[in-house]
Amino acid sequence: MGRTARARQTTAGATLALVPALAPAATAVARNLDARDGLTALRLVPAAHAELEVLTRQAVAQARQDGATWQDVADTFGVTRQAASQRYGPASCTCGQSPCARFKGLRGACPGPA
């Protein structure tokens, strides 16, 4: 395994280890579903959705930095290239920074809506 592949594997492992911290609401949804408390789980879904949206945007930005095309992103989500670009491209950011930190090649989440 080459140095780049090892670095990606290490980064992926570190990210997976952080999932409970990165998406506490999603973790809470799963915990409540396991406890058969559907109503509480349902109430947590909007927060979990917001957390997963941030992670999705980070993944798309990283994939694009790694050389993925908009068609690659579109195929992943089962949408058109244009739809993927409009939803996840630089113009879709609402954080108020121009350009958003995630499109300057910096790692980390978009700071969110202004």
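The values are calculated or read from the model by the stated rules, or taken from the named source; none is laboratory data. As the structure is a computational prediction, the values presented were derived from the model and not from experiment. Heads up, the Cβs are rebuilt from the backbone with ideal geometry, glycines too, and the neighbour counts pull from every protein chain shown.
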Next item on the list: Would you mind finding the one in THR15, THR56 that is closer than 30 Å to SER85 by Cβ, modelled with pLDDT of 85 or more and part of a helix (DSSP H, G or I)?
Entry: THR56
Item checked: Enumeration of residues in segment 44-87 that are in contact (Cβ under 8 Å) with a residue 24 or more places away in the chain and hydroxyl-bearing (Ser, Thr, Tyr) -> THR56
